[in-house]
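A short worksheet on the structure shown next.
The values are calculated or read from the model by the stated rules, or taken from the named source; none is laboratory data. Everything quoted here is computed from the prediction, not taken from an experiment. Cβ: placed from backbone, ideal geometry, glycine included. Neighbour counts: every protein chain shown.
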Amino acid sequence: MPAPLNERVRKRRDALRAAGLRPIQIWVPDTRRAGFAEECRRQARIVAAADAADADLDAFLDAALADMDPAGEA
């Protein structure tokens, strides 16, 4: 008979702790919540408008990309 669920969970957590990890709890946005998608669109529009208004942004991003590529090929 397989080990009870709580015993398997305890063993797994003990193994993770032995590997140097620790459990944490994080809160993230609920993507199922009403209005979530519209809020994403609203924020995306704000960012897009800010990007469009920044004439130097494209040059900066191109330079950053070229800096990441050792051969200088973007």
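Of note:
- Scan of the range 20-53 for residues that are surrounded by 10 or more Cβ atoms within 10 Å (Cβ to Cβ) and outside any helix (DSSP H, G or I), ordered by number: Leu21
- Within the range 18-74, considering residues that are modelled with pLDDT of 95 or more and among the acidic types (Asp, Glu), the one farthest from the chain's Cα centre (by Cα): Glu38
- Arg8 vs. criteria within 23 Å of the chain's Cα centre (by Cα) and not aromatic (Phe, Trp, Tyr): no
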